[in-house]
1. In peptide B:6-12, how many Cβ atoms from other protein chains are near each Cβ within 10 Å, on average?
2. List the residues, sorted by chain then number, that are 5 or more residues from B:Asp168 or on another chain and whose placed amide H is less than 5 Å from its amide H.
3. Scan around B:His223 for amide H atoms under 5 Å from its own, H built in the peptide plane at 1.01 Å from N, and keep only partners 5 or more places away or cross-chain.
4. Mind sorting A:Lys13, B:Lys23, A:Lys43, A:Lys180 by how few other Cβ atoms lie within 10 Å of their own Cβ, fewest first?
5. Roughly how crowded by other chains is peptide B:58-68, in terms of the mean Cβ count from those chains within 10 Å of each of its Cβ atoms?
6. With θ taken as phi - 60° and the coefficients 6.51, -1.76 and 1.60, list the Karplus ³J(HN,Hα) couplings across region A:131-137 in order, rounded to whole Hz; mark glycine and proline as x.
7. Under 5 Å between amide H atoms, partner at least 5 residues away or on a different chain: which partners does B:Leu120 have, H built in plane at 1.01 Å?
8. How large is the charge dipole for region A:5-95, taken about the Cα centre, if only the Cβ atoms of Lys, Arg (+1) and Asp, Glu (-1) carry charge, to the nearest 20 debye?
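What follows draws every value from the coordinates through simple rules; no lab data is involved. This one's a predicted model, so the numbers in the text were calculated from it and none came from an experiment. Note that each Cβ is placed from the backbone with ideal geometry, even for glycine, and that neighbours are counted across all protein chains shown.
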Amino acid sequence: MTTSDANQDELMKLLVSVARSDRHAFQTLYNRMSARMFGLCFKLAGQQELAEEALQDAFVQIWHHACEYHSDRGSPLSWMLTIARYRTLDLMRARTVRRTGGEEYLEHLEDQRGGPLDAELRSAGAAQLTGCFGELSDSQRDSILLSYYRGFTHDELAQALSSPVGSVKSWIRRGLMALKRCLER
Amino acid sequence: MRKTPERIESLAAEYVLGSLKGKARQRFERWMMESVRVRQEVWYWEEKLGQLGDQVPDRIPPGSVWRGIERRLWPPGEPAATKTKSGRLWPAWSLVATAAALVLSLMLVQQPAYTPDTRLSGAIVQAGVGEPLWLVDESGGEGRLRLRSVAAMSAAAGKDYELWIVPDNGNPLSLGVIPVGDVHQVELTDQARQSLGRSRTLAISLEPGGGSPTGQPTGPILHVTKLYEL
């Protein structure tokens, strides 16, 4: 699922209209983006209700802050996904969401065969970031992707990966820096 | 902690990923407000990691989500007059406002039914803090602004928070120093009320104890918030 430049241009035009308080453009933007953003909210929260609330908050923020978008902040798509993701994480932390199915994840992860991360997401993520995830160790890659897609905290990662918190922190830190070095090449 | 390029690089990545928490996250948000270099590093990661978000399968939200958004933005009974946004701050502040908006999000307080006499109301919130820092509302028709501090923390020793009206044009107008942990009322002059009525924008800056010595903000602008007409 890639987003063409034409789509990005269209999103940009909609955002400009929304910044001018155009309600019709706002609804079009919602129709265009809500399923994409809701997919991410739901993936992170694993809960319908919280994901719905996060999506609602995210669009209220987009209405008020559309005028603050600028191209340095990435594509309109990634800007909106970022808003949805931050809002979901905020709500998850405020409510200390406990995930269901944790035990099941543990078993999968212990033998390094997937777990809470769908295989397709893992490979799609790797392809998207120009193959740079391939340069990371399995632990580094899994810690980063689990944080991104599932909002796992350091403690949750330590538990899920059966490793000390210190190791998890260092996998994330080193993994992210390795990713950046690779992306900059 | 000093802002070395290595620290900025590594903390920005963890900030966007979400693994930076608590005090460290708050300190980093302050860095973002202070430095464009820090914000650019955050944007870099938002764009790069944002590509991962694009890979998640779509999921159609129920219709109640859109109806909820409409209710919050345009409560029933409110005239559907086209609102023009007046978010034009003067140049220096507009940059800061953008920075602040990165980490501060605006939340509508529960809106009661529409009443004919217009009152301004709103909330000053901060990302990562569950409750609003301050709730702001105007006592109907009396030209008085009421600030109730909810989750606001005291300013550092020797510092005070100062409240400003950000007009559509011209310099900010001080509404004085605001205390934390209480309800604080500010009398608005006719001129101040008119100015606020047009721009509906308030800001809070961090100033030396007792307030800005120059009559204009001298410290970092911590919050910029837009009020709503009830």
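1. Values: counts 1, 0, 0, 3, 6, 1, 2.
Whole-number average of other-chain Cβ neighbours for B:6-12 is 2.
2. Counting only residues 5 or more places away or on other chains, the set is B:Ser199.
3. Sorted by chain and number, the residues that satisfy this are B:Ile204.
4. Least to most surrounded, the residues fall as B:Lys23, A:Lys13, A:Lys180, A:Lys43.
5. Numbers: counts 9, 13, 4, 14, 3, 0, 2, 10, 7, 1, 7.
The mean count of partner-chain Cβ atoms within 10 Å per residue comes to 6.
6. Once rounded to whole Hz, the list reads x, 5, 5, x, 8, 8, 6.
7. B:Glu138, B:Leu230
8. 120
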